[in-house]
Amino acid sequence: TNYTFKYEKGTLTVTEAKLIIKAKDKERIYGDANPAFEFEVVQGTVKGGEPKLTCVADAKSAVGEYAIKVEKGTLTNNNVEFVDGKLTVKAAALTVKANDATRVEGTDNPAFTLTYTGFKNSETEAVLTEKPKATTTATKESAPGTYDITVSGGKATNYTFKYEKGTLTVTEAK
């Protein structure tokens with residue numbers, strides 16, 4: 001009753017909601033190709049396009065963790081936060097088998113040889129920081145028969161070891 005009204009219009013500003021995109025963590029075995037990288041929307045809605053996902057790791061990258069980088073790519077959203085993921089490169093399995101050997105009783109054991117299966121990237125035993133060793137319980141005095149040749153002691157940055165035993169056959173002296 002005691003007032004008259006004068007109306008003035010205001011402005012409502014609508015800003016784009018924040019979009020948060022995270023690269024999903026992945027893992028692979030040393031020497032293998034990178035898996036397909038994926039992302040997840042943690043907050044907001046993608047208006048259009050897709051982010052770009054990259055990683056510096058390749059098949060020759062050593063065991064360890066590498067960032068999976070997320071960049072704008074073709075996204076049409078402007079208010080975007082990117083959260084990197086990680087690629088974990090795990091050691092490859094290397095099988096080391098003791099090759100079978102034969103000797104005559106009363107003689108020294110031969111030099112045992114090993115066969116490797118599972119090297120990646122065209123590598124050889126040259127990449128081993130410690131070469132596995134093959135041993136047996138048979139001695140020069142051991143009776144004719146068969147004895148296990150066991151393998152142990154290998155070390156390498158990018159490999160885990162699986163050992164397979166061989167057989168030493170001691171034959172009767174003539």
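The values are calculated or read from the model by the stated rules, or taken from the named source; none is laboratory data. Quick caveat, the model's predicted, so the values are computed rather than measured. Note that each Cβ is placed from the backbone with ideal geometry, even for glycine, and that neighbours are counted across all protein chains shown. Ligands, DNA and RNA are excluded from the accessible area calculation, which covers all protein heavy atoms including side chains. Shrake-Rupley method; radii C 1.70, N 1.55, O 1.52, S 1.80 Å.
Values computed for the structure shown
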read-out	value
Criterion violated by residue 60 - all others in (1) over 30 Å from residue 119 (Cβ atoms); (2) open to solvent by 100 Å² or more (accessible area, probe 1.4 Å); (3) out of contact with any strand residue (DSSP E or B) (no Cβ under 6 Å at 6 or more places or on another chain) satisfied	(1)
Residue pairs meeting the criteria (Cβ under 6 Å; at least 6 apart or on separate chains; first at positive phi, in segment 6-33; second surrounded by 11 or more Cβ atoms within 10 Å (Cβ to Cβ))	31/59; 31/92; 31/120; 31/121
Residue selected from segment 118-174 under the condition outside any loop (DSSP other than H, G, I, E, B) and of a type in the set (A, V, I, L, M, F, W, C), by the criterion farthest from the chain's Cα centre (by Cα)	170
Selected residue (only one of 74, 45 is at pLDDT below 95 and farther than 28 Å from residue 30 by Cβ)	45
Within segment 164-174, considering residues that are open to solvent by less than 80 Å² (accessible area, probe 1.4 Å) and out of contact with any Ser or Thr (no Cβ under 6 Å at 6 or more places or on another chain), the one modelled with the lowest pLDDT	173
Some residue of segment 63-83 being among the hydrophobic types (A, V, I, L, M, F, W, C), over 19 Å from residue 156 (Cα atoms), outside any strand (DSSP E or B) and under 31 Å from the mean Cα position of the chain (by Cα)	yes
